[in-house]
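To start, the structure under review is shown below, and the notes come after it.
The values are calculated or read from the model by the stated rules, or taken from the named source; none is laboratory data. On a predicted model such as this, the values are computed, not experimentally measured, just so you know. We place every Cβ from the backbone using ideal geometry, glycine too, and count neighbours over all the protein chains shown. The accessibility values were calculated without ligands, DNA or RNA, using every heavy atom of the protein model including side chains. Shrake-Rupley method; radii C 1.70, N 1.55, O 1.52, S 1.80 Å.
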Amino acid sequence: MCLSTVYKNTMSPETVVMKNVMRIQCKDGCVILTDLMERSVAVEGELLEANLVDGFVILRENIPA
């Protein structure tokens, strides 16, 4: 099983969005993350990088003007 930690914009402890992510869906400008406990978080933005071997994903967050 490949679980990942998801970060916003850069990979650092301060930017962790969710750990143990098992599902990532991209829909209508949002990235929807679901963890092992079936909790979901939606981030307005796009997928920047996913490295499933090393277990991390980086999202580019849309910042409102």
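Please list 3J(HN,Hα) in residue order for region 38-49, calculated via the Karplus relation 6.51 cos²θ - 1.76 cosθ + 1.60 where θ = phi - 60°; whole Hz, with x for glycine and proline. So the J values, rounded to whole Hz, are 6, 7, 10, 9, 10, 10, 6, x, 9, 6, 9, 7.
Which value, in debye to the nearest 20, describes the size of the charge dipole of the chain about its Cα centre when Lys and Arg Cβ atoms bear +1, Asp and Glu Cβ atoms bear -1, and nothing else is charged?
Working: 6 positive and 9 negative charges, 23 e Å.
The calculation lands at about 100 debye.
Given H placed 1.01 Å from N in the peptide plane, which residues other than close sequence neighbours of Val17 have an amide H under 5 Å from its amide H? Amide H neighbours of Val17, under 5 Å, 5+ apart: Val6, Tyr7, Lys8. Note on Ser12 and Lys27: their simple-model spin labels are 3.3 nm apart, each label 7 Å out from Cα toward Cβ.
In order along region 14-19, the Karplus-derived 3J(HN,Hα) couplings, from 6.51 cos²θ - 1.76 cosθ + 1.60 at θ = phi - 60°, round to 6, 10, 5, 8, 7, 10 Hz, and Gly and Pro are given as x. Simple spin-label estimate for Arg39 and Leu3 gives 1.2 nm between the two label positions (7 Å along the Cα-to-Cβ direction from each Cα).
On a per residue basis, the convex hull of the C-alpha atoms belonging to the chain measures out at 82 Å³.
Accessible surface of the chain, 1.4 Å probe: 52 percent of it comes from carbon and sulfur atoms.
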